[in-house]
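Here's the structure, in structure tokens; my notes come after.
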């Protein structure tokens, strides 16, 4: 008889997720150990859901004590072997999109009878602050009961933790109570989730696991002062999140796609979200609605203040939004932009106010100007860098790249709105993120000739509940003091925040704190730099694109990040079959990926080696 | 709290104390022309002495208002709150920040002081005094300094404001006082004849150590030196 928890002879006896977060930079290691208790070779699967924003940094496979480590290589180099394998029909993508926040990394190996296998995947990400907290999201989905299942999270924040919480969507509070511990004190926080075998059972006599869902850790740090600078080994990171400032009034134009494809649930959810958003609009704000299908309809001829009367009228208007016809994105957006530009020109809106365009669409332009590049050019020219454009893409069958490029060209961002039951909440959540700008035209300044390789240091807005993160390298590691100024325009006045750091004291203090991993600021800087280079690259052409690619590739290789430019090659024992596998980091363009197939590793004859790939795209 | 009035024309200084119960709000500066007022609320040591004369009192809350700009700032040892009309900004003494807008500039220097300037010609300095936490009865307090007042009108009044205009005093008959280590003298000021004592106070504008300022101390809550009596300057609220 097989021991409890074994399925088809394979017992996954240990799964450990170890997360170490230092100054928002998370280093996660997922380790699964399994043994084949059957009398013949069996396939063992290893599935990990990791955040889309994370970079894999390592994957190793250990069979009966022999470890096969991963090596990061330039994608093009690895691709040749990959293509050869593809041509033989033996390749499989190892990473695919999984839901709205995650990517799924999947491999499987054939393990001989009585043998043990250990999978270890490492990934890193910079946790971003949204609505006043950092969120770390883990998907928990073991395929069977696991004798030793454990999530261990250690958080170290030099500013001190102000709150820490952990929630599991899949287990009741009374069961969770004994399996979950969470604590924080001063600069350290700890979360541990160790459900026993009985706690994992979906029912007292069941052998299947109820661990299937989201495990979310949220925390925030103390903010006695608006900024915090940390310096280790010549690299610095500067976190900036002031509090207590009045909100800058907003001039918001909602550009809403009401073409035929929005009919039914999508437009219903849009109406629901807009009604909720109208409840949150502040009286100092100005707004208008632009509806487009084949033509364009405006709620008002110009922006109107969000007085109670106007909001009442806006609600009545939103409730009556119907759908019909084609998709004229160009004219819809240009009308919205004109409304904002005119309001500013005619002094209809407060001098100190900020404008934003939020477009919601589910599809490609198919009437009027429908060439994507031309629409982007028109929008770019009309906005002229004066305010951001946020594009919300509804549904899966839209040209998301087009929306994202256009948003990035105009200092905004694109978000996908998933057509689930909570689409209206997603829309509302997005609005809440941008609803409270506290500063405009933020610039973080450092002493000239003192720093190198600075990440993005100018931002059109600082939103309440978010955080600006700038990292860089000190030119002179022996410098004694470090000064940073953050300048921005508030709702009423201009502000300059100054942060001065004694470098030696800081380094000493941080060393004394026993940092969890010493080079985390350098890795954080590399992560942020690569992320921003890749973002810029989406919007670049020709030589500029080549330069950005070269820089991002260089850093990806140097810091062992699996990014869209690199592949991770894992040596595996020869099994007399020419096989390869690739893990593509799925893009947001919705391009379907090669479906994942099993990755067969026969280990019985390890005389020679060949390669498999863990890839990001 | 201690008050120090420098009289540059005489190259001398006058000082006095106001001894009032914690919670009392005093009008320090009021200028009906520029619309500027400065008021201060008194705090005492946490462990209050039953003897009011032995009680130490300080400014624990200062309020500066500019009616023309619709601007107010309230400063305590814990935080600094600015109001522009109804819009509120809150800062901490751990911030180093400069806030500028038309006709106004506020600079907070982390854990030290803050400068409030109304255009050219009116600048106030507020100093944060952080006391040693032992013994526990003491608490942090504030100092208020007028750095520049030359744009304030001749109608400016208040416990400090009345001294923005040039005034004269004469000191004579310097003699040993009741405390043999100090000198007493006769001061003629504002048509009053007062017995004053030579003493010293500290000016903390430059640093936390303070600079010694030798002054003539006017007894009895500045009686005879200030217009009216000190209770005339008590107001019901900070703003």
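Throughout, read-outs are computed from the coordinates displayed, never taken from laboratory work. The structure displayed is predicted, hence computed values, not measured ones. Please note: Cβ atoms are built from the backbone with ideal geometry, for glycine as well, and neighbour counts cover all protein chains shown.
Computed quantities for the displayed model
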quantity: Shielding of B:75-83 by partner chains, average beta-carbon count, 10 Å; calculated: 1
quantity: Per-residue [θ]222 nm for chain A (sum of -39500 (n - 2.57) over DSSP H runs n ≥ 4, rounded to 500); calculated: -7500 deg cm²/dmol
quantity: Projected label distance in nm at residue B:212 and residue B:145, using a 7 Å step from Cα toward the beta-carbon; calculated: 1.8
quantity: Stokes-Einstein D in µm²/s, Kirkwood radius over Cα pairs - the stretch B:25-177 at 25 °C with 0.890 mPa s viscosity; calculated: 145
quantity: Viscosity 0.890 mPa s, 25 °C: Kirkwood-radius Stokes-Einstein D of the stretch B:1-104 over Cα pairs, µm²/s; calculated: 154
quantity: 0 to 90° range, to nearest 10: angle between helix A:423-434 axis and chain A longest Cα axis; calculated: 70
quantity: Peptide-level mean, for A:382-390, of C-beta atoms on other protein chains within 10 Å; calculated: 0
quantity: Length released on extending from residue A:150 to residue A:532, taking residue separation times 0.36 nm less the Cα-Cα span; calculated: 134.1 nm
quantity: Intensity falloff of the stretch A:101-237 expressed as log10 I(q)/I(0), Debye formula with alpha-carbon point scatterers, at q = 0.09, 0.15 Å⁻¹; calculated: -0.37, -0.90
quantity: Modelled FRET efficiency - R0 51 Å, residue A:172 with residue A:450, Cβ distances, 0.05 increments; calculated: 0.40
quantity: Spherically averaged projected area of the stretch A:380-536 from its Cα convex hull (nm²); calculated: 12.4
quantity: The stretch A:227-319: Rg to Rh, with Rh as the Kirkwood radius over Cα pairs; calculated: 1.21
quantity: Per-residue Cβ neighbour rank within 10 angstrom, fewest leading, B:132, B:93; calculated: B:132, B:93
quantity: For the stretch B:106-230: rounded, prolate or oblate by the Cα gyration tensor [a/c cutoff 1.5]; calculated: oblate
quantity: Neighbour-count order for B:75, A:470, A:7, A:229, fewest beta carbons within 10 angstrom listed first; calculated: A:7, A:229, A:470, B:75
quantity: Spin-label model distance (nm) - residue A:316 vs residue A:182, 7 Å beyond Cα toward Cβ; calculated: 4.6
quantity: Relative intensity, log₁₀ I(q)/I(0), of chain A from a Debye sum that treats every alpha carbon as a point, q = 0.05, 0.11 Å⁻¹; calculated: -0.25, -1.19
quantity: Beta bridges per DSSP with both ends in the protein assembly as shown, % antiparallel, nearest 5; calculated: 85
quantity: Beta bridges by DSSP in chain B, antiparallel share as percent, to the nearest 5; calculated: 95
quantity: Tail fraction, Cα-Cα pairs, the stretch A:309-424, threshold 20 Å, whole percent; calculated: 48
quantity: 0 to 90° range, to nearest 10: angle between helix A:308-319 axis and chain A longest Cα axis; calculated: 60
quantity: Alpha carbon convex hull of the stretch A:214-256, projected area averaged over orientations, nm²; calculated: 7.3
quantity: Antiparallel %, DSSP beta bridges [both residues in the stretch B:1-120], to 5; calculated: 100
quantity: Cα gyration tensor category, rounded, prolate or oblate, for the stretch B:184-239 with a/c compared to 1.5; calculated: oblate
quantity: Shielding of B:95-104 by partner chains, average beta-carbon count, 10 Å; calculated: 6
